[in-house]
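Written out below as C-alpha cells is the structure these notes cover.
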Amino acid sequence: MNTQTQPRDRSHTWAKADRYLERKLIAHDPALERALDANEAAGLPPYDVSPLQGKLLQLLIRMNGARRVLEIGTLGGYSTIWMARALPEGGRLITLELEPKHADTARVNLRGAGIADGMVEIRVGDAQEQLRKLEEEQAEPFDFIFIDADKPNNPAYLEAALRLSKPGTVIVGDNVVRDGEIIDEASEDARVQGVRRFFDLLEHDSRIEATAVQTVGGKGYDGFMLGIVR
C-alpha cells in the first residue's frame, strides 16, 4: 500500500485567502465591479487582473511617481482604471488593444469610473504596430509600462518597452509563470515559449534589472516580472 502523502489541491484555499485580503485591503468600488460585469456581459475573456493585483499596480505607479504610463493589452479596461487612478493631475496613460470590441467596452468602463477625458488614450490595432508608431512619433519616454497582452509576442513587447523607456522606468509583465509551465523547455504551448524567450532576454539584457514573484489566489497560480531600467 502506498502510504506517501499526496499533495493537496490548495486552489480553494488560495481563492478564500484572496477574498479575505480583498475585504481587508480593497475598498468597495461600484465602478470597478460594474467594469467586471460589463466585461463578462460583452463576452470578453476573464483575463483581468485581480483586485489585489490592480491595487499593486496602482501602488507601484504611485511609489514611482509616474506621470506617463503605457499599457500593452487593454482588454475591458479594468487594470487601466486602477492605473489611471494613480496618476497625478496632468498624467497620461496610453493603452494598446487589438480588438475594437474590447476597446469599446473599455471606453464605457473608463467613463463609468470617472476617468477624466484626455487622461487615457486607447489605441486600437496590432500592438507591435502601435509600438512602432509610438517610436516614430518620438513619444516621450514612459515612467511605467505594464505588459499584459498575447504571450507569444512578449519578447517583442519587452524590446519595444525598453526603447520607450528611460533610466528609472518600471516595467511589469503579467502571467509569466503560467502554472509553472515555464520550466518545461519542450512545451508546445506558444504562450509558454513566448514567456521563456521573454526571460531569456531579461537574463542577457544589461538595460534592465528584474525579478519575478510567483502568485497564487483566485486567479490561480501565476506570477509577475518586475524590472527597472538602468
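The values are calculated or read from the model by the stated rules, or taken from the named source; none is laboratory data. Bear in mind the structure is a predicted one, so any value in this text is a computation, not a measurement. Backbone-built Cβ (ideal geometry, glycine too); neighbour counts: all protein chains shown. Just the protein is used for accessible areas: all its heavy atoms, side chains included, with ligands, DNA and RNA removed. Shrake-Rupley method; radii C 1.70, N 1.55, O 1.52, S 1.80 Å.
Can you tell me the convex hull volume per residue for segment 1-87, based on C-alpha atoms, in Å³ to the nearest whole number?
157
Here the accessible area of the chain is 50 percent carbon and sulfur, with a 1.4 angstrom probe and all protein chains present. In units of the rule-of-thumb radius 2.2 N^0.38 Å, segment 176-230 shows an alpha carbon radius of gyration of 1.18.
For segment 137-230, the Cα gyration tensor yields ellipsoid semi-axes of 23, 14, 12 Å (square root of five times each eigenvalue, largest first, whole Å). In order along segment 129-140, the phi-based Karplus estimate (6.51 cos²θ - 1.76 cosθ + 1.60, θ = phi - 60°) of 3J(HN,Hα) comes to 5, 5, 5, 4, 5, 4, 5, 5, 6, 6, 4, 4 Hz; Gly and Pro are listed as x.
Segment 114-154 and segment 209-230 have Cα centres separated by 20 Å. Shown in residue order for segment 16-28 are the 3J(HN,Hα) couplings computed by the Karplus curve 6.51 cos²θ - 1.76 cosθ + 1.60 at θ = phi - 60°: 5, 5, 4, 4, 4, 5, 4, 4, 7, 10, 10, 5, 4 Hz (x for Gly and Pro).
Using the 2.2 N^0.38 Å rule of thumb for compact globular proteins, work out how segment 24-65 stacks up: its C-alpha Rg over that value, please. Before the final figure, lay out the partial values.
Details: Rg = 12.1 Å, N = 42, 2.2 N^0.38 = 9.1 Å.
Taking N as the residue count of segment 24-65, the ratio is 1.33.
Is the shape of segment 27-150 best called rounded, prolate or oblate, per the rule: a/c under 1.5 gives rounded, else a/b larger than b/c gives prolate, else oblate, with a ≥ b ≥ c the square roots of the Cα gyration tensor eigenvalues?
It is oblate, given that a/c is not under 1.5 and a/b is not larger than b/c.
Each residue of segment 109-116 was assigned a 3J(HN,Hα) from its phi angle through the Karplus curve 6.51 cos²θ - 1.76 cosθ + 1.60 (θ = phi - 60°); the sequence is 5, 5, 4, x, 8, x, 6, 4 Hz, with glycine and proline shown as x. Modelled spin labels at Glu185 and Tyr221, positioned 7 Å past Cα toward Cβ, are 2.1 nm from each other. Net length available on complete extension from Asp29 to Trp14 is 3.2 nm, with 0.36 nm assigned per residue and the Cα-Cα distance removed.
Per-residue ellipticity at 222 nm, computed for the chain from helices alone with -39500 (n - 2.57) per DSSP H run of at least four residues, works out to -13000 deg cm²/dmol. Note on segment 72-230: antiparallel DSSP beta bridges, both residues inside, total approximately 60 percent of the bridges counted. Entry comment: accessible area of the chain is 53 Å² per residue, from protein heavy atoms only and a probe of 1.4 Å. Just so you know, the Rg over Rh for the chain is 0.98, from Cα atoms, with Rh as the Kirkwood radius.
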